[in-house]
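Notes for the one structure printed next.
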Number of protein chains: 2
Amino acid sequence: MIDPRTSIINSRLSGIKRIIAISSGKGGVGKSMVATAMALSFAKDGYRVGLFDLDFTGPSTHIILGIPKNLQPKEEKGLVPPIVDGLAYMSLVYFVRDNPAPMRGVDVSNALIELFSVTQWGELDLLIIDMPPGISDSVLDLVRLVKRIEFLIVTTPSMLAFEVVKKQLALLCELKLPIVGLVENMKMSDITAIPEETEKLGLKYLGEIQYDKKIEASIGNPEKLLYSDIGKALPQIKKAILDKKSVSKCRSKQ
Amino acid sequence: MIDPRTSIINSRLSGIKRIIAISSGKGGVGKSMVATAMALSFAKDGYRVGLFDLDFTGPSTHIILGIPKNLQPKEEKGLVPPIVDGLAYMSLVYFVRDNPAPMRGVDVSNALIELFSVTQWGELDLLIIDMPPGISDSVLDLVRLVKRIEFLIVTTPSMLAFEVVKKQLALLCELKLPIVGLVENMKMSDITAIPEETEKLGLKYLGEIQYDKKIEASIGNPEKLLYSDIGKALPQIKKAILDKKSVSKCRSKQ
């Protein structure tokens, strides 16, 4: 049987040209920072951009953007995302804010799918999603319903991060999900093995972002974020994303 | 009904004096590095120490220790952990190694509980557990069965990490689980709000660890790890752990 939510979700998303999920097998690699900066930067270029925080393990884009606590989506035949710094903004945090208990298994899947079903994004060039780390059951449930999601993977140069990311990539490839490519964040030294390793997997290395000691000071101040080392690295990465040919083909042998 | 596994597990663990779970609400804060260095350091001091990697989202202590791939626990009325660098060592990785698919919901709970049920630790002064990030269903299932687990929480100075960690602490407090205290890892500047914020929560600030640019070079080389900034910060933290009075009392208001 076809899940009836598939058609509702796909009609909700019909005005969106591309859906890019910023994801990482490993937590703490700066995924939310990259997702937020990228959304802001595309919006500044004149694209119509949505930012969708689905990281139920610890939503943080609202902290990065410095969104006032009383800002809420508007109910109108679904939920209309408020406009924040030029972005249509929606986050799980609106629904879990004061509850310390993380959501559980099937509740998470239902919440993610429900949010996709009710949000009125309207016309967008790009919807950037801040995904939960890893590929949990809930993420799998989601990509089964929303087949258009393209993954952009963030790693750090650390072997400990990249080993976990490689497993995630193998799984995404096995599931034949589209992967835009990989971004290397928090770089400190000049040369790492990540670009070469990425190419070996048949994936596109989209670019590197230097570790920026001052990034903490940009939290809550989106303008500063665009002038950080993340902001500086974005033009090349955005170009690779817009170049549709860049969607990577996994190597069969993994 | 009492879960029959409770008595099996508790008899398996009866020779262990203390069980310390190194945990963090947020991934990528250096939890596995701290857990491994701490286990090594206690062992060097003459304590009988076990290291138990239960981070199913991306086990990495075997990479940090540089354990050869063919090392396996010995089957003998259960599983006997091999001795690695003076530690009794057991990891989920023995059971998931070549499978890119992460384990799913109830499978994870069962795997964690099963590993606790079959592992023959024998007599130990300390069992250090590298926990998965956050408080997932599986972690909750586990702490329901093994009530003696004391939590040691790792954070970084970043507000984005600490906000997530605070939610985890609120949940641990609500569940009345013992918390040894909090370690601030990857410090770069001298003064942060973390010590004060920790005390406000009624929890013990155990100490800080400076960010060490050379830490990546110690991966696979345990001796180097002990001479890193993590190793240098450990004496104070170990002292606080051994001081049983240090187990924190959460403030009622959280």
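The values are calculated or read from the model by the stated rules, or taken from the named source; none is laboratory data. Please read these numbers as outputs of a predicted model, since none were measured by experiment. Because the Cβ atoms are built from the backbone with ideal geometry, glycine has one as well, and the counts that use them run over all protein chains shown. The area values use the complete protein model at the heavy-atom level, side chains included, leaving out ligands, DNA and RNA. Shrake-Rupley method; radii C 1.70, N 1.55, O 1.52, S 1.80 Å.
Just to be sure before I move on: is A:Ser91 in contact (Cβ under 8 Å) with a residue 12 or more places away in the chain and in contact with a strand residue (DSSP E or B) (Cβ under 6 Å, 6 or more places away or on another chain) in the structure I sent? Against the criterion (in contact (Cβ under 8 Å) with a residue 12 or more places away in the chain and in contact with a strand residue (DSSP E or B) (Cβ under 6 Å, 6 or more places away or on another chain)), A:Ser91 qualifies. For the condition more than 14 Å from chain B (Cβ to nearest Cβ), surrounded by 24 or more Cβ atoms within 10 Å (Cβ to Cβ), out of contact with any His (no Cβ under 8 Å at 6 or more places or on another chain) and among the small types (Gly, Ala, Ser), A:Ala21 qualifies.
Picking from B:Ile113, B:Ile63, which residue would you name as being touching a Ser or Thr at 6+ places or on another chain (Cβ under 9 Å), more than 25 Å from B:Pro222 (Cα to Cα) and in contact (Cβ under 8 Å) with a residue 60 or more places away in the chain?
Checking each option against the conditions leaves just B:Ile113.
Residue by residue, here is whether (1) more than 14 Å from chain B (Cβ to nearest Cβ); (2) out of contact with any strand residue (DSSP E or B) (no Cβ under 6 Å at 6 or more places or on another chain) holds:
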position: A:Asp55; (1), (2): no, no
position: A:Ile64; (1), (2): no, yes
position: A:Glu76; (1), (2): yes, yes
position: A:Val80; (1), (2): yes, no
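Here A:Val49 clears all of (1) farther than 21 Å from A:Thr156 by Cβ; (2) in contact with a strand residue (DSSP E or B) (Cβ under 8 Å, 6 or more places away or on another chain); (3) open to solvent by 20 Å² or more (accessible area, probe 1.4 Å) except the condition numbered (3). Of all residues in the range B:191-219, count the ones that are within 30 Å of B:Pro68 (Cβ to Cβ) and open to solvent by less than 40 Å² (accessible area, probe 1.4 Å). Total meeting the criteria: 5. Only a single criterion out of (1) surrounded by fewer than 17 Cβ atoms within 10 Å (Cβ to Cβ); (2) of a type outside the set (A, V, I, L, M); (3) out of contact with any Leu (no Cβ under 6 Å at 6 or more places or on another chain); (4) farther than 14 Å from B:Pro222 by Cβ is not satisfied by B:Pro82, namely (3).
For B:Ile64, the conditions (1) open to solvent by 20 Å² or more (accessible area, probe 1.4 Å); (2) in a helix (DSSP H, G or I); (3) of a type outside the set (S, T, N, Q) are fulfilled apart from (1). If you check A:Gly134, A:Gly202 for being assigned to a loop (DSSP other than H, G, I, E, B), small (Gly, Ala, Ser) and within 14 Å of chain B (Cβ to nearest Cβ), only one passes: A:Gly134. Identify the residue in the range B:185-199 that is in a loop (DSSP other than H, G, I, E, B) and of a type in the set (S, T, N, Q) and, among all such residues, is nearest to the chain's Cα centre (by Cα). Checked the range B:185-199; the qualifying residue nearest to the chain's Cα centre (by Cα) is B:Thr192.
A:Thr36 meets each of the listed conditions (1) within 11 Å of chain B (Cβ to nearest Cβ); (2) open to solvent by 20 Å² or more (accessible area, probe 1.4 Å) apart from (2). All of (1) touching a Leu at 6+ places or on another chain (Cβ under 9 Å); (2) within 14 Å of another protein chain (Cβ to nearest Cβ); (3) assigned to a loop (DSSP other than H, G, I, E, B) hold for B:Lys147 with one exception: (2). The set of residues from the range A:125-142 being free of Cβ contacts under 8 Å to residues at least 60 places away in the same chain and of a type in the set (D, E, K, R) comprises A:Asp137, A:Asp141.
Can you spot a residue in the range B:162-173 that is outside any helix (DSSP H, G or I) and either of a type in the set (D, E, K, R) or within 19 Å of B:Leu234 (Cβ to Cβ) (or both)?
So in the range B:162-173, the residues outside any helix (DSSP H, G or I) come out as none.
Looking for residues that are outside any helix (DSSP H, G or I) and either of a type in the set (D, E, K, R) or within 19 Å of B:Leu234 (Cβ to Cβ) (or both), one finds none in the range B:162-173, hence no.
Do we find that A:Leu115 is in a helix (DSSP H, G or I), away from chain B (no Cβ under 13 Å) and at pLDDT 90 or above in this structure? So A:Leu115 fits the description; yes.
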